[in-house]
Amino acid sequence: MDRFIPRLRRALTLPLLLSPLLNCDGETPVDPPVGEQPPEEQLLVHYYRPLEDYSGWEVIATGDVPERAAGELRVLQNEADDFGATFVIPTRGQPERVRLKFAREGDALVAGDLEVSIPELGKEVWVFSDYDRAFSVPPAIPEEGTAIIYYRRTDDVYADWGLHLWGDTTTPTDWNEPLLASGQDVYGAWYEVPLASGAEQVNFIIHQGDMKDPGPDQSLRPGELGRRIWVLSGDPTLYTYPGEPPLLNARQAHWVDRETFAWRPPVGAELLPDATFELHYAPEGGIRDEKGQLVGASQVIPLSFEANGLGAATRQKFPHLAGHTALRFPAASLERQPELVKGQLVVVARLPNGKRLATGVQLPGVLDALYATSSTLGVDVSGGAPTLRLWAPTARSVRLHLFDSPGGGQAQVVPMSVDQGVWRAEGNPSWMGRYYLYEVEVFVPGTGRVETNLVTDPYSLSLSMNSQRSQIIDLDAPGLKPAGWDTLVKPQLGSLRDTTLYELHIRDFSISDPSVPLAHRGTFLGFTHPGSNGMTHLSGLAQAGLTHVHLLPAFDFATVNENQAEQRSATGLENYGPSSDEQQKQVWALRSQDGFNWGYDPWHFTVPEGSYATTPDGPSRTLEFRSMVQALNQAGLRVVMDVVYNHTSAAGQDARSVLDRIVPGYYHRLDDNGAVTTSTCCQNTATEHAMMQKLMVDSMLTWARAYKIDGFRFDLMGHHMKENLVEVRDRLAALTPQADGIDGTKLVIYGEGWDFGEVAGNARGDNATQRNMAGTGIGTFNDRLRDAVRGGDPFDSGGALRRQGFASGLYLEPNDHDQGTQEEQLDRLLDASDHIRVGLTGNLRDYAFEDRNGDIVTGADLAYKGEPVGYTLAPGESVTYVEAHDNQTLWDILQLKAPQSMGIEARVRLHRLALSINGLGLGVPFFHAGSEMLRSKSMDRDSYDSGDWFNRLDFTYATNNWGKGLPPQEKNGDSWAQMEGLLADPTLQVEQHHIVGTVRHLEEVLQIRRGSPLFRLATAADVSARVRFHNTGPSQVPGVVVMSISDEISGAEDLDPALGGVVVIFNARPAELSLPLAGFETATLALHPVQMSSADEIVKSATFNAGSFTVPERTAAVFVGSGMP
């Protein structure tokens, strides 16, 4: 049956009759029942209530209805249908209007009267309880066990708009495969969503590719809104009735420079040349849509249509607006622009067909054109007394509130003056150490009115506990420096290509270390005890060749309560079994109250995080952060900061929003509706805007100069523009020891060059992605080698987690997961081997070698998820890794992928083999803390908020943290079935000698790497000249990668006088390998001295004799000597 025709579904117990009121003497007026009215004299009303609570509801009808003795006609319910209740209303004569009031037990519905125009709507109408309008056609009816989500756009164009679904639905979707519309009618496109049994909440995002509408995640709760809702374009409200997208539609106009607006009105382009355009302005806000009329503007400025569209320079600067209509701002009104940007602005189009369109305005382009500045911002003490400056060009006023303490107390309010958008307050020396806030009076588009915000300084250098107030400090004050800070000597680093990285979470490092004083555990000061277990471990790695510790976010972030006295953690978890779900229940229940989080939710970019300080109020965190850096430097390790400038923890008027409460709509990247984009998972920033780039660059210069940071790792670097990173690189490289206390040429820069979200494909300009960063000297993480070594990809769950790779048994030791035929598995293994070969060159784009098919190819010729495998132009641009804080640890993923029959010794050897691949190639090796200790997180794929329990590091080497219970259900529940048996298996528990042996293994890899510059070639030309791969092509021995690096190249520099070259053989096979190689017959090679004296007795059996190599199973062997081909 057609779903648009409501079906009779039940008969109500109430009789079908007219129920007039009793008259005053108690006699009941006699009226004929409705059934006696002929159909042409009836109005059929279908009535919908979202929660289907129809009992007792009736209709009071007036207007063109039969006169009743009591003056009022009350109609009880007829039989119901799939839409809801029905009422049959008698009419009289030639009816024009019938007014309806729905009432229950004498109480009128909140919506009030509703009028039905019969000539317009006919004699059958559909009414929604929350709306005072009737409709002439029914909407789609949800089938049992489903819900319907309507989506309404002004342009009525729904192609490729779909729903991303998760939560209580039986059909959650992949982002790239949304649920498409089930149909379209006069109410918009509608989507039928299957509900899980007992569904309480279905989460959804309406999107077209990476464009979201209205933007934020939304949730349908059937128990609150029923099973049919409407979403109107640009409006985050969920409605239970049809509606028109508002006349004033979001903020779709962009003021891109002083002369130009860009807008894409949702109508045919042929209507625009003859349209009239205006800019409406209201200084206090108040422009609004009142029943299709735009009211509230105090001034109107004409705009002119530009037939040639946006200019080339504008299209280049704003590529996402290239197809927008260009509107010209009148030259005569240019001087009014500083006034206009401080109020509400609406662009209006009056079309030749009489239709009107209106939209709000996005300001970043014109603010850059009017107010971008190089002025010093924040606290400036260069003049001997503090001067405070705040960039707030749209603010109507700014005042400084000064406090004597971090909390409470009366504020001293100081007026601030403004010049070119920068507000300024001149202080005196007595201000030093005082706390402060800015009072900013500013129009906020999100609320439609002028707001007065008390907000911290985006350029804060010090804060009170939990970031409630900023503090005025001098970072050069002697009291904020540990002894010897000004004369600190950095560990030797010959060049950036000598870098090896170790990723470490500050709290993880010492929170569980009994050798660290209790008060210092989990803090910056946890690093200041050179005899602790953790520092002894790091010192050993440094002596072996590790150069840098990469610290997960150490700036001020939002998700941890800095008051340690209020923190709570689960206890007694050791009493539950290795595969119990009880540990994760208790950890997750307290996740917002404990002291743990990765910290990828920035609040203030340039202040150390208070939860890592022993005293979070005031500048102790500065002193203690510097003490940490000093201690690591003295242990032989440089320090890299993980920086997160791509998003903030909040936006809008949220209490934790800083930037958006000062210059609303500027610092964040907005979609075409003016909503903050959230593809990073949080509120994306827009470093393509001049002052957001300045904030980022200024912040990084402060970290480098004032904290002696040695490098930066960019979280989601691809969400920045390439030009942002080049600017950062150049500004940092210009720092000198004499002027700045640090050698900027020795600062390493790298990041996540992933290409996704609203910036994907250079949509907002050339973004800082893997391919785009080639040639800049800035590194990007190499996911190609990672996946080839581990198998599968990071987004696997359930059975797919068992997909194998080079170092997890693919083809050679298959598990019981269906991975295709033997031939298909072999092909994938050989393809993975080729990916590893390219990775070993530093993932070079142009390096040529023989692939698995026997063809000569370059790195760029091989494919990885539709992208080239090789993309760098220098080996140092590839950051090579097999484990990071994201996703399962290497140990955990290997347990999922290895065949069940594989013993613990073999598993440990595969783990070490993967570490060797990571450490013995070209490029920059990156190791996750604990990978050298067989670290486990009990299989947690995303331990960002999983507490100390799942993230524990044990530097006594007693345990690797395996079998601590099923990992948190939120991120892992769909894979518990694969994990439970493994966690419960006692044969998978490692012993201390396994951990110690793996620590020694990584130390040996680092020693080998450091021992010869051949592992650290500088240029692509050097790699192409010196690096060769053997055992390639279709006849290769599967599971074996052989790389040679020669120092005997005619006419080339002798890089290592001690060696003629090296050969590295990675043998993933489960048996000893005997491999004769052509061209090596006359070579003189021997096992590397480090491996000859290795703690691993098995690798010592590797030999070379007369052109043939013997390498033990699951082993990486390094040979050195001369006479190589």
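The values are calculated or read from the model by the stated rules, or taken from the named source; none is laboratory data. Here the structure is a predicted model, which means the values were calculated and not measured. Positions of Cβ are backbone-derived with ideal geometry, glycine not excepted, and every protein chain shown enters the neighbour counts.
Has the stretch 924-937 got any residue that is in contact with a Pro (Cβ under 8 Å, 6 or more places away or on another chain) and closer than 19 Å to Glu574 by Cα? First the steps, then the outcome.
Let us first name the residues in the stretch 924-937 that are in contact with a Pro (Cβ under 8 Å, 6 or more places away or on another chain), namely 937.
Keeping just the survivors that are closer than 19 Å to Glu574 by Cα gives 937.
Yes, there is a match, as at least one residue in the stretch 924-937 is in contact with a Pro (Cβ under 8 Å, 6 or more places away or on another chain) and closer than 19 Å to Glu574 by Cα.
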Taking the conditions exactly as written (surrounded by fewer than 22 Cβ atoms within 10 Å (Cβ to Cβ) and under 14 Å from Phe1119 (Cβ atoms)), does Leu1055 satisfy them or not? no
Going through (1) modelled with pLDDT of 95 or more; (2) under 29 Å from Arg152 (Cβ atoms) one by one, Glu290 fails only at (1)
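Give me a count of the residues in the stretch 212-221 that are part of a loop (DSSP other than H, G, I, E, B) and either among the aromatic types (Phe, Trp, Tyr) or surrounded by 20 or more Cβ atoms within 10 Å (Cβ to Cβ) (or both).
2
Being touching a residue at least 40 places away in the same chain (Cβ under 8 Å) and at positive phi is true for just one of Gly446, Gly522. Which residue is that?
Details: Gly446 fails: at positive phi.
Of the residues listed, the single one that is touching a residue at least 40 places away in the same chain (Cβ under 8 Å) and at positive phi is Gly522.
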Residues of the stretch 354-385 that turn out to be aliphatic (A, V, I, L, M), in a strand (DSSP E or B) and either touching a His at 6+ places or on another chain (Cβ under 6 Å) or closer than 21 Å to Gln337 by Cβ (or both), as a count: 2
Looking at the stretch 653-673, is at least one residue under 15 Å from the mean Cα position of the chain (by Cα), at pLDDT below 95, part of a loop (DSSP other than H, G, I, E, B) and surrounded by fewer than 23 Cβ atoms within 10 Å (Cβ to Cβ)? no
With the requirement that a residue be surrounded by 15 or more Cβ atoms within 10 Å (Cβ to Cβ) and either within 19 Å of Thr1019 (Cα to Cα) or without any contact (Cβ under 8 Å) to a residue 12 or more places away in the chain (or both), what does the stretch 858-873 give you? Thr858, Gly859, Ala860, Asp861, Val869, Gly870, Tyr871, Thr872, Leu873
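Taking the stretch 62-80 as the search range and keeping residues that are hydrophobic (A, V, I, L, M, F, W, C) and in contact with an Asp or Glu (Cβ under 8 Å, 6 or more places away or on another chain), which one is modelled with the lowest pLDDT?
Restricting attention to the stretch 62-80, the residues satisfying the condition of being hydrophobic (A, V, I, L, M, F, W, C) are 65, 69-70, 73, 75-76, 80.
Cutting the leftovers down to in contact with an Asp or Glu (Cβ under 8 Å, 6 or more places away or on another chain) gives us 69, 75-76.
Values: Ala69: 51, Val75: 84, Leu76: 86.
The extreme case among them is Ala69.
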With the stretch 1010-1123 as the region, which strands (runs of 3 or more DSSP E) entirely inside it contain at least 1 residues that are of a type in the set (S, T, N, Q) and closer than 20 Å to Leu840 by Cβ? 1040-1046, 1061-1067, 1115-1122
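Scan Asp642, Asp556, Asp617 and give me the residue that is under 28 Å from Ser699 (Cβ atoms), of a type in the set (Asp, Glu) and part of a loop (DSSP other than H, G, I, E, B). Give the steps one after another, and end with the answer.
Values: Asp642 fails: part of a loop (DSSP other than H, G, I, E, B); Asp556 fails: part of a loop (DSSP other than H, G, I, E, B).
Answer to the selection: Asp617.
Take the residues in the stretch 200-211 that are part of a loop (DSSP other than H, G, I, E, B) and without any contact (Cβ under 8 Å) to a residue 60 or more places away in the chain; name whichever of them is nearest to Thr680 (Cα to Cα). Please lay out each step first, then the result.
Step one: of the stretch 200-211, the residues part of a loop (DSSP other than H, G, I, E, B) are 200-201, 209-210.
Add one more test, that the residue is without any contact (Cβ under 8 Å) to a residue 60 or more places away in the chain, and what stays is 200-201, 209.
Numbers: Glu200: 27, Gln201: 23, Gly209: 15 Å.
The selected residue is Gly209.
Say whether the condition of being part of a strand (DSSP E or B) and at pLDDT below 90 is met by at least one residue in the stretch 29-46.
At the first step, the residues of the stretch 29-46 found to be part of a strand (DSSP E or B) are 42-46.
Narrowing further to those that are at pLDDT below 90: none.
So far as the stretch 29-46 goes, no, none of its residues is part of a strand (DSSP E or B) and at pLDDT below 90.
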Any residue in the stretch 963-983 that's surrounded by fewer than 16 Cβ atoms within 10 Å (Cβ to Cβ): show its pairings with residues that are not in a helix (DSSP H, G or I) at Cβ separation under 7 Å, as long as the two are six or more apart or on different chains. Asp974/Ser797
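Being in contact (Cβ under 8 Å) with a residue 12 or more places away in the chain and over 27 Å from Leu747 (Cβ atoms): is that true of Asn887 here?
Details: in contact (Cβ under 8 Å) with a residue 12 or more places away in the chain: yes; over 27 Å from Leu747 (Cβ atoms): yes.
Yes: the conditions hold for Asn887.
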Which residue pairs have Cβ atoms closer than 6 Å, lie 6 or more positions apart in sequence or on different chains, and pair a first residue in the stretch 145-156 that is touching a residue at least 24 places away in the same chain (Cβ under 8 Å) with a second residue that is of a type in the set (Lys, Arg) and outside any loop (DSSP other than H, G, I, E, B)? Ile148/Arg228
Please find, within the stretch 222-237, the residue that is modelled with the highest pLDDT out of those that are surrounded by fewer than 17 Cβ atoms within 10 Å (Cβ to Cβ) and closer than 17 Å to Ile206 by Cα. Thr237
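So which of Leu180, Leu121, Leu163 is in the same structural domain as Arg221 (by TED's automatic domain parsing), surrounded by fewer than 20 Cβ atoms within 10 Å (Cβ to Cβ) and not hydroxyl-bearing (Ser, Thr, Tyr)?
Details: Leu121 fails: in the same structural domain as Arg221 (by TED's automatic domain parsing); Leu163 fails: surrounded by fewer than 20 Cβ atoms within 10 Å (Cβ to Cβ).
Going through Leu180, Leu121, Leu163 in turn, just one is in the same structural domain as Arg221 (by TED's automatic domain parsing), surrounded by fewer than 20 Cβ atoms within 10 Å (Cβ to Cβ) and not hydroxyl-bearing (Ser, Thr, Tyr): Leu180.
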If you check Thr1019 against the conditions, is it within 28 Å of Ser833 (Cα to Cα) and not acidic (Asp, Glu)? yes
Please list, ordered by first then second residue, the pairs with beta carbon atoms under 7 Å, 6 or more apart or interchain, first in the stretch 1001-1013 and in the same structural domain as Gly1060 (by TED's automatic domain parsing) and over 21 Å from Arg1026 (Cβ atoms), second basic (Lys, Arg) and buried (at least 24 other Cβ atoms within 10 Å of the Cβ). none
Residue match in the stretch 935-946 (condition: farther than 22 Å from Asp715 by Cα and over 28 Å from the mean Cα position of the chain (by Cα)): no
Of everything in the stretch 458-506, what is of a type in the set (Ser, Thr, Tyr) and within 33 Å of the chain's Cα centre (by Cα)? Give them in sequence order. Tyr459, Ser460, Ser462, Ser464, Ser467, Ser470, Ser495, Thr499, Thr500, Tyr502
Strands (runs of 3 or more DSSP E) wholly inside the stretch 810-920 containing at least 1 residues that are over 30 Å from Asn597 (Cβ atoms) and at pLDDT 95 or above: 848-850, 856-858
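For the stretch 707-763, which residues satisfy the criterion of being in a loop (DSSP other than H, G, I, E, B) and closer than 27 Å to Val676 by Cβ? Reasoning before the result, please.
Taking the stretch 707-763 and keeping what is in a loop (DSSP other than H, G, I, E, B), we get 708-710, 715-716, 720, 734-736, 741-743, 747, 752-756.
Once the filter is applied, which keeps residues that are in a loop (DSSP other than H, G, I, E, B) and closer than 27 Å to Val676 by Cβ, the stretch 707-763 yields Asp715, Leu716, His720, Glu752, Gly753, Trp754, Asp755, Phe756.
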Just a yes or no: is a residue in the stretch 273-290 free of Cβ contacts under 8 Å to residues at least 24 places away in the same chain, more than 19 Å from Leu351 (Cβ to Cβ) and either outside the structural domain of Glu758 (by TED's automatic domain parsing) or outside any strand (DSSP E or B) (or both)? yes
